[in-house]
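Nothing in this text is a laboratory measurement; each read-out follows from the coordinates by a stated rule. Since we're looking at a predicted model, the values are computed, not measured. We place every Cβ from the backbone using ideal geometry, glycine too, and count neighbours over all the protein chains shown.
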Amino acid sequence: MRKTPNLADFDRQVKETPDLKLNEDWDLMYNFIHETVDNCRNIFMDNLELERLRSEVSQLKHANNVLLLKLAKHCRSDYSAFPDEILYAIFRAALPPTWLLYGTKSVAPYALNTLSSDIRIKSSIAAVCKSWNRVGTEILYERVILRRITQLPVLACALESRTGLGALIKHLDFDSFVPRGYSNLHKHETERILALCPNLSHLGFSPPCVGSRIPYSLPTVASSVTSVEYNRNIPYSAILPTLISLSPTLVCVTFALPKGHIDEHPVIEYPKLKALHLLVDNDSVVPPLKWSAPQLRHLWICGFDVTRELTATHLNSLFDACGPTITFLRIHSIGPIQDIQALLDRCPILEHLTLDFSPTMTHKQVKFLDFFIEYNDPPRPISPISKEDFPALENCRHLEVIMASLPYIPREAGEAIFHHFTDPTSVNGDAFVRYDTSEDYDPGEEESNDDSDSDYIFDSDEDDEGSDVDEESSESDEEDDSDSDTASCITVSDTGCLLDEFYQGEYWEIGRDEALTVFNRTRTS
């Protein structure tokens, strides 16, 4: 910008030079006027240029905003155009591996945290956008666990109101207690839920207890189910019809051995059975094994002290029938197994052995050993493992005893996950000791290898918000609330059965609407 000439400067210049001639005065005036006109014209042109630049900047900003909007829309369209299979794989990598979720029925402190984190992540994925909701809903409803009796009508109403939602459920567990007055509700809602789940592959019934006067009937199971699970509270006689009807298609079975001999046990053939979980208790017996399972590869025996609960005759009979074909054996027992070498000799092709103790034994084919060790101060002595005793050994792990509730731990599970099971007060702070590494494999057909590659990082946050399993029932168990569906399970005898005098009075049955009211009231309390 040029400086505009000032008339005061011209007057001062004239006064300072009184001897100037007139023509010089006119020349000075002319130059002053000419310079002033030029400067005014330049100022005008500069203002025009400034306005043009401002207009150009405004246009560029507008164009930039348009491009940003187009770019954002383009990015969203690309993400939404991802195939569901790609989104499913990405979301699966952010979830806890499935083998961590199978410990939720135990009392280990990490179980509810794992399940709660799983539910929170799945719910968050489904709430992002429409495209993610489609895949997120599928992941959210794949595995459903019902821990409260009033959750049954809630799930049934959800399946009835949304067509196709039941087809997403593949893994369903009924783990709720059935109190007095809820038996008909349990029966009707269970049948209704199962009728709306055509693609169900796993079905479990694991109630925490069964009252002595409360009838507990099992519904008819669809032929699509390949895996069934029953805990110790379901008698063997109640599940035998299901085992017979599903025998051609069953791949994985969990049940408790009967208490007492069965005189006439039917002949059962399991052509596809690969995994067998046997729960033993006091007075458990091995029934006459009139069944054939040529594809059986994985065997679990879970008890408090297997040697005291099963006689040597029963154990030998069991391993004579199952041992020749199994490649994976898990014995969950606090006490050591008497003459375990005799049992191992009945498993000629065994490759993976998992025990709660470290006995002296030998096997020529075992490649992988897992021992659950309680780290004490000083540490408990561990029997040495030599190459002479296990010539084919490739891998041996000493795992923290708190992990014993997990039925299966992949051999290639991430090391970061194990550290969350470590007792921080122990001298030996490592959760496991790995002597070697090897490739991972699954003991059950339903287990997928992509779990071992999960990017999930265990969250030890105590907050249980978002869990649909125990978030309300844990509170209602602590409070004496007459409206709670678990309030009737207060007086329990020493044997774990409800006292008969607790159920005196007129018998009544709750309806669906009342159960939904109880659920909403106890859920918000």
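Here is the link list: K70/K130; K274/K367; K122/K170; K187/K290; K259/K290; K274/K387. Which ones come out longer than 24 Å on Cα distance? Let's see the in-between values first.
Numbers: K70/K130 20 Å; K274/K367 20 Å; K122/K170 16 Å; K187/K290 32 Å; K259/K290 17 Å; K274/K387 30 Å.
Among K70/K130; K274/K367; K122/K170; K187/K290; K259/K290; K274/K387, the Cα-Cα distance tops 24 Å for K187/K290; K274/K387.
For the pair R41 and F304 in one chain, pulling the backbone fully straight at 0.36 nm per residue adds 84.4 nm over the alpha carbon distance.
Counting other C-beta atoms within 10 Å, which of C396, C129 has the fewest, and how do the rest follow? Before the final figure, lay out each step's value.
Values: C396 20, C129 13.
Going from least to most buried by this count: C129, C396.
Evaluate E = 1/(1 + (r/R0)^6) for A167 and E394, where r is the Cβ-Cβ distance and R0 equals 41 Å; express this FRET efficiency to the nearest 0.05. Present the calculation step by step, with values, prior to reporting the outcome.
On the way: r = 42 Å, r/R0 = 1.03.
Between A167 and E394 the formula returns 0.45.
For the stretch 162-279, report the % of Cα-Cα distances exceeding 21 Å. Numbers along the way, then the final one.
On the way: 2742 of 6903 pairs.
Result: 40 percent of Cα pairs exceed 21 Å.
If you plug the beta carbon distance of K387 and A312 into 1/(1 + (r/R0)^6) with R0 = 41 Å, you get a FRET efficiency near 0.85. For the stretch 165-248, a crude dipole built from +1 on the beta carbon of Lys and Arg and -1 on the beta carbon of Asp and Glu, taken about the Cα centre, is about 200 debye to the nearest 20.
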